[in-house]
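Below is one structure, written out as structure tokens, with a few remarks after it.
The values are calculated or read from the model by the stated rules, or taken from the named source; none is laboratory data. All values derive from a computational prediction rather than experimental measurement. Because the Cβ atoms are built from the backbone with ideal geometry, glycine has one as well, and the counts that use them run over all protein chains shown. Side chains are part of the model used for accessible areas, which takes the heavy atoms of the whole protein and leaves out ligands, DNA and RNA. Shrake-Rupley method; radii C 1.70, N 1.55, O 1.52, S 1.80 Å.
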Amino acid sequence: MNSSVPKDAAAVILLRQNTDPNNPEVFWVRRSPKLVFLGGFYAFPGGQTESSDAEVVVTNCGDDRALAAMLSCAAREMFEETGLLLARGSETLTIGQRASLLDDLESGRMSWPELLGHYGLQVDANDFTFAGRWVTPPFAPRRFDTWFFLANCPSKQEPQVSGDAELESGEWIGARQAVERWERNEVLVAPPVLHALKTVAGGLTDDLVERFLSVPEAHREPTRRIEFRPNYICFPVRTPTKPPATHTNAYLIYSSEEFLIIDPGSPYEDEQIALATCVDDMIRKGWLAPREIILTHVHPDHVAGIESLNAFLEKHHGRRIPVAAHRLTAESSKGQFPVDRFIEDDELIALDGYPPIKLRALFTPGHARGHLCFYDEANGVLISGDNVVGFGSVLIDPTDGNMIDYLGSLRRMRSLPNVTVLLPGHGPAVANPYDKIDEYITHRLEREARILKVVRDGASTAAEIVAHVYTDVSPKAHAMAERAVLAHLEKLEADGLVNQKPNGDFVSVG
Ligand SMILES: [Zn+2]
């Protein structure tokens, strides 16, 4: 999948009728936790454009065909997801008629342009107000260039989410209450949604649209600082990492007084400058003191930016900051970069200031020998490093990687109370942490069972096993798959189910 070309999409920020102009109500939906892209996140109704969207004649739109197509897309998505018809003429339809129209559309009996034409309905640009275009950060498996539109809920219509594969629920909520729910760590929202909620919470003032468009991200500038949770900034940087990922997430965790930087991993100068600029901003504008660079593990895509960041701090702020990591990470990193402080398992890293942020370090080896996760029990944030990632898969490559340790680490993560979000080393935040960890454990055990079966059936080398088990993997990835198979064989051997003969071949035992 090419993650570099974002697809056009539209979303509607629907305002309730006769809403309080000082704290307007908007209609937000919860995406199904099972979705690969931003599962469990709160969002506005919307989605990707379809080719027939452009066939709709949108009134009062001049000859801006791109805008017309996106307005058509916005109205269609709104209709499909909530049954609400943002089209002139819809006021003459009964609830039953609208339901049967929706059925026509969903069953494919009529296309969107046919349906509008057949019932004399008109999508009118005057019913929508453009509120910015946001591009999904490049760390995501799917990327969108999303056009946001404000619209008023038509009289005699109510949006409704039936709860299906894509959307779990939908409801009206005061914009201020929605922001407060985010502040209380109760919901996950993507950057444009948070911006929209904060903007609408400022009231339906004359400068509303101006406020919407006041940030560069609303004009397709890449979003760099992603605050999935208050005080936890995710800052993806481009790295030579394992495909399909193209970026590694650095995290900047801050209180009112100081901040930590986790995994500055980019070897590229432009990306190092981008991260340094963010750090510089926090120091100069936020009056915050950088405290430490903390590493989840030793892999190059998590550590390659340490020296450049410290060189920047020395040059512009007169001091370097310590690098902290697990003892085994320090051992593996000898000669590459210094580790100034060892982080012990179960150690508490507390930030001075407000809010009280206390990260517990969890020694969680398996993907790498010195791997650490960091858990903030008060707000449920688990920084999962490369143990569980937002998309793609985790490679266990012996001997730095170890399958027995890895499964143990996953189970330890699974046993933590009150985890509400995973902030992974790659990809977006994970809103359903326990399901995700279970999925990882199940996947590994299934793979192990299949490997054991093919060994029992006579396969005796990693290459033979890969050919039988990794049928979904391209031959280019077979070398990597062989490493993963060796990790499983190592565990099966330790479990007494497989033996390695002196010639290197594997046989099943018993
Ligand atoms: Zn790694």
List the pairs whose first member sits in the stretch 356-368 and is more than 16 Å from the ligand (Cβ to nearest atom), whose second member is hydroxyl-bearing (Ser, Thr, Tyr) and open to solvent by 20 Å² or more (accessible area, probe 1.4 Å), and whose Cβ atoms are under 9 Å apart, counting only residues at least 6 apart or on separate chains? 357/254
Given (1) farther than 24 Å from residue 355 by Cβ; (2) away from the ligand (no atom under 16 Å from the Cβ); (3) open to solvent by less than 30 Å² (accessible area, probe 1.4 Å), where does residue 319 come up short, assuming only one miss? (3)
Residues located in the stretch 386-395, provided they are in contact with a helix residue (DSSP H, G or I) (Cβ under 8 Å, 6 or more places away or on another chain), under 28 Å from residue 230 (Cα atoms) and within 11 Å of the ligand (Cβ to nearest atom): 386, 387, 394
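Would the stretch 327-344 turn up any residue that is within 20 Å of residue 410 (Cα to Cα) and of a type in the set (D, E, K, R)?
If we filter the stretch 327-344 for residues that are within 20 Å of residue 410 (Cα to Cα), which is where we start, we get 328-329, 343-344.
With of a type in the set (D, E, K, R) added as a condition, the list becomes 344.
Yes: the stretch 327-344 contains one or more residues that are within 20 Å of residue 410 (Cα to Cα) and of a type in the set (D, E, K, R).
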Which condition breaks for residue 152 when tested against (1) farther than 22 Å from residue 85 by Cβ; (2) surrounded by fewer than 18 Cβ atoms within 10 Å (Cβ to Cβ); (3) touching a residue at least 40 places away in the same chain (Cβ under 8 Å); (4) not hydrophobic (A, V, I, L, M, F, W, C)? (1)
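Could you identify the single residue in 398, 433 that is at negative phi and within 16 Å of the ligand (Cβ to nearest atom)? Break it down stepwise before answering.
Working: 433 fails: within 16 Å of the ligand (Cβ to nearest atom).
None of the other options fit; the residue is 398.
Picking from 407, 382, 416, which residue would you name as being more than 16 Å from the ligand (Cβ to nearest atom), at pLDDT 95 or above and open to solvent by 10 Å² or more (accessible area, probe 1.4 Å)?
Values: 407 fails: open to solvent by 10 Å² or more (accessible area, probe 1.4 Å); 382 fails: open to solvent by 10 Å² or more (accessible area, probe 1.4 Å).
On inspection, the qualifying residue turns out to be 416.
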Which count do you get for residues in the stretch 290-314 that are within 15 Å of the ligand (Cβ to nearest atom) and surrounded by fewer than 19 Cβ atoms within 10 Å (Cβ to Cβ)? 1
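Taking the stated definitions as given, is residue 106 of a type in the set (Asp, Glu), out of contact with any Leu (no Cβ under 8 Å at 6 or more places or on another chain), assigned to a helix (DSSP H, G or I) and closer than 27 Å to residue 20 by Cα?
Details: of a type in the set (Asp, Glu): yes; out of contact with any Leu (no Cβ under 8 Å at 6 or more places or on another chain): yes; assigned to a helix (DSSP H, G or I): yes; closer than 27 Å to residue 20 by Cα: no.
In short, no.
So how many residues does the stretch 435-467 have that are under 16 Å from the mean Cα position of the chain (by Cα) and either open to solvent by 50 Å² or more (accessible area, probe 1.4 Å) or of a type outside the set (A, V, I, L, M) (or both)? Can you show your working first?
In the first step, residues of the stretch 435-467 are kept if they are under 16 Å from the mean Cα position of the chain (by Cα); the result is 435-437.
From what's left, either open to solvent by 50 Å² or more (accessible area, probe 1.4 Å) or of a type outside the set (A, V, I, L, M) (or both): 435-436.
Final tally of qualifying residues: 2.
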Matching option when the condition is crowded, with 23+ Cβ neighbours inside 10 Å, among the polar types (S, T, N, Q) and not in a loop (DSSP other than H, G, I, E, B), among 52, 72: 72
If I filter the stretch 356-370 down to residues being modelled with pLDDT of 95 or more and more than 30 Å from residue 484 (Cα to Cα), which single residue comes out as most open to solvent (accessible area, probe 1.4 Å)? 358
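Kindly indicate whether any position in the stretch 393-408 is within 20 Å of residue 189 (Cα to Cα), part of a loop (DSSP other than H, G, I, E, B) and out of contact with any His (no Cβ under 9 Å at 6 or more places or on another chain). Steps first, answer last, please.
Quick first cut of the stretch 393-408, residues within 20 Å of residue 189 (Cα to Cα) only: none.
No, the conditions are met nowhere in the stretch 393-408.
I need the helices (runs of 4 or more DSSP H) fully contained in the stretch 169-214, keeping only those with at least 2 residues that are over 20 Å from the mean Cα position of the chain (by Cα) and more than 28 Å from residue 355 (Cα to Cα). Talk me through it step by step, then tell me what you get.
Numbers: elements: 175-183, 191-201, 208-212.
Once the helices (runs of 4 or more DSSP H) in the stretch 169-214 are filtered for at least 2 residues that are over 20 Å from the mean Cα position of the chain (by Cα) and more than 28 Å from residue 355 (Cα to Cα), what remains is 208-212.
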I'd like to check which strands (runs of 3 or more DSSP E) are fully inside the stretch 250-361 and have at least 3 residues that are within 30 Å of residue 221 (Cα to Cα) and among the hydrophobic types (A, V, I, L, M, F, W, C). 258-262, 289-294
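For residues that are part of a strand (DSSP E or B) and not basic (Lys, Arg), tally how many sit in the stretch 121-142.
Matching residues across the stretch 121-142 total 9.
Out of the stretch 225-249, which residues are in a loop (DSSP other than H, G, I, E, B) and either open to solvent by 40 Å² or more (accessible area, probe 1.4 Å) or hydroxyl-bearing (Ser, Thr, Tyr) (or both)? Break it down stepwise before answering.
Initially, the stretch 225-249 is screened for residues in a loop (DSSP other than H, G, I, E, B), giving 225, 230-231, 239-246.
Passing the criteria: 225, 239, 240, 241, 242, 243, 244, 246.
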So, of the residues in the stretch 385-404 that are among the polar types (S, T, N, Q) and over 16 Å from the mean Cα position of the chain (by Cα), which turns out to be least open to solvent (accessible area, probe 1.4 Å)? 402
